Amino acid sequence: MKQQLLYQAVSRHNILPLVSSCRVGCVFCSNRYNPPGTRAFSFGPLSGDQVALLLDMLDGSRPIVIGESASLLCEGEPLLHPGLTEILHTIRNRFPSTLVKLTTSGIGLTDKHLDAFSRLAPLEVMVSLNSATSAGRQKLMADHDIPATLAQIGQLAQRGIPWQASAVLMPHLTGWHDVERTISFVQANGAFAMRLLLPGFSRLAPQRLLPPGDLPAQARQRLASWRRQFALPLTLEPSLCRDLTAEVAGVLRNSPAQGLLMPGDILQDIQGQASWSRVAAFDRLKKLASPRIRLLRAQEEMELVLPKQAGTAPGVVMDYDLAPADYRRALAMAKGVENVLMLTSLWAAPLWRLVAPAGWQVEEVPSHYFGGTIAAAGLLTVADYRRVLESCRARPEKVLLPPLSFDHQGLDLAGQHPGQLSETMNAEIVWE
Ligand code: SF4
């Protein structure tokens with residue numbers, strides 16, 4: 001099973017898994033608090049032979065990701081793999097121009113790592129920083145060597161290594177001032193962007209760790225003011241968008257958009273085509289060469305051309321709302337039927353209601369299996385969908401489920417198959 005999951009991580013997501021272990025114990029680590037029976041697999045540092053097999057499966061036309069989890073595998077700290085720098089050299093020899101994205105806590109980042117990263121461009125580092133203060137890092141991560149960790153992270157930009165940071169928002173433990181000091185640290189140390197993540201705790205997490213119910217609203221409110229305060233592009237995940245307005249969230253330094261676009265700009269149309277969503281606008285900006293943009297800035301309409309080559313990053317940061325590819329996929333899943341019930345996550349349902357064709361009903365699905373503050377579609381299970389179907393009065397011909405909830409065998413995180421749901425509702429159940 002583990003071998004299959006390793007192959008799946010590479011072939012589906014272009015993620016190279018290396019090791020599950022980790023030196024620290026973050027209070028919000030997703031590897032903790034799984035309900036019994038949840039399918040999650042740990043693995044020791046992969047051997048040279050295992051890594052060689054996986055390297056053969058990587059796709060050099062897409063970014064290669066290290067240190068992220070996108071399957072049932074528990075991904076840990078890649079710096080703990082003894083062969084990391086050699087593996088990175090092998091990737092670079094094989095794929096000279098493919099972007100490598102490496103996620104790390106930064107704990108244990110040595111000069112040897114920094115030397116290798118700086119010589120292996122294009123390579124980006126995502127630091128799961130969470131806090132840049134001693135008190136915050138002790139509370140959240142139990143980091144035992146805080147000055148050394150922060151000093152090494154501060155070296156990234158100085159050595160020309162592009163980096164961004166992420167922070168799980170835990171202001172009920174650290175205070176909002178800690179978050180602000182962390183954003184200041186990230187900006188002062190030359191990161192190109194920062195992701196702010198709402199914590200997801202299952203029902204098994206200790207009560208003292210659970211954030212207040214209004215944390216999402218508070219975070220959204222503070223984000224608006226931080227975007228005025230900091231030049232660093234900041235995003236919130238999930239974005240909590242309630243509309244599909246293509247508003248610019250941030251602009252990257254030294255990018256085509258710098259000096260032309262500004263946070264808060266509304267991209268009305270791009271090369272004569274109205275923006276369908278933020279994701280659609282970003283994709284179109286990326287695809288086109290020097291696109292002509294009509295935008296709204298502080299109620300004033302203006303037009304400009306963004307000088308860039310086709311297929312290159314435009315340098316804007318947009319919140320994630322709905323991807324046109326997911327919309328097209330949903331239409332394909334519903335093909336031939338008008339009376340459709342779509343089940344989706346609490347975060348995504350309001351956006352799907354804006355675009356669902358007439359005849360579709362969109363219902364949000366709370367997580368009971370994981371419970372707590374978990375809401376992502378990828379963590380919903382057949383049992384969660386069953387609860388909604390049992391209380392739903394709709395009589396659809398098809399029920400659409402988010403493909404993200406199921407693995408390549410069509411199983412959820414508890415090992416259940418969505419086909420079982422046709423016993424609950426007399427409709428075709430579609431999940432892929
Ligand atoms: S650094 Fe990542 S893997 Fe390690 S404990 Fe923290 S969240 Fe978990």
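The values are calculated or read from the model by the stated rules, or taken from the named source; none is laboratory data. Please read all numbers here as calculations on a predicted model, not as lab measurements. When we count neighbours, we look across all protein chains shown, and the Cβ atoms used for this are built from the backbone with ideal geometry, even at glycine.
Values for this structure:
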| item | result |
| --- | --- |
| First in the range 354-366 and crowded, with 16+ Cβ neighbours inside 10 Å, second anywhere and basic (K, R), Cβ under 6 Å, 6 or more apart | V362/R353 |
| Enumeration of residues in the range 32-45 that are more than 9 Å from the ligand (Cβ to nearest atom) and either in contact (Cβ under 8 Å) with a residue 40 or more places away in the chain or surrounded by 14 or more Cβ atoms within 10 Å (Cβ to Cβ) (or both) | Y33, N34, P35, G37, T38, R39, A40, F41, F43, P45 |
| Search result, residues across the range 191-205 that are farther than 11 Å from M126 by Cβ, under 13 Å from the mean Cα position of the chain (by Cα) and of a type in the set (D, E, K, R) | none |
| Qualifying residues in the range 134-161 (those that are in a loop (DSSP other than H, G, I, E, B) and surrounded by 19 or more Cβ atoms within 10 Å (Cβ to Cβ)) - the one modelled with the lowest pLDDT | D143 |
| Matching strands (runs of 3 or more DSSP E) fully within the range 279-384 where at least 3 residues are touching a helix residue (DSSP H, G or I) at 6+ places or on another chain (Cβ under 9 Å) | 316-318, 340-344, 360-364 |
| Selection from the range 1-31 of residues that are buried (at least 16 other Cβ atoms within 10 Å of the Cβ), assigned to a loop (DSSP other than H, G, I, E, B), touching a residue at least 60 places away in the same chain (Cβ under 8 Å) and not hydrophobic (A, V, I, L, M, F, W, C) | R23, S30 |
| Filter pass, R220 being closer than 17 Å to L150 by Cα and charged (D, E, K, R) | no |
| Filter pass, E75 being in a loop (DSSP other than H, G, I, E, B) and touching a Gly at 6+ places or on another chain (Cβ under 8 Å) | yes |
| Qualifying positions in the range 162-192 - assigned to a loop (DSSP other than H, G, I, E, B) and either on the phi < 0 side of the Ramachandran plot or within 16 Å of the ligand (Cβ to nearest atom) (or both) | P162, L169, M170, N189, A191, F192 |
| Residue count, the range 49-66 (criterion: over 18 Å from S118 (Cβ atoms) and outside any helix (DSSP H, G or I)) | 9 |
| Residue within the range 78-90 that is within 16 Å of the ligand (Cβ to nearest atom), more than 16 Å from the chain's Cα centre (by Cα) and either part of a loop (DSSP other than H, G, I, E, B) or outside the structural domain of Q8 (by TED's automatic domain parsing) (or both) present | yes |
| When residues of the range 53-77 are limited to those that are in contact (Cβ under 8 Å) with a residue 12 or more places away in the chain and loosely packed, with under 15 Cβ neighbours inside 10 Å, the one nearest to the ligand (Cβ to nearest atom) | P63 |
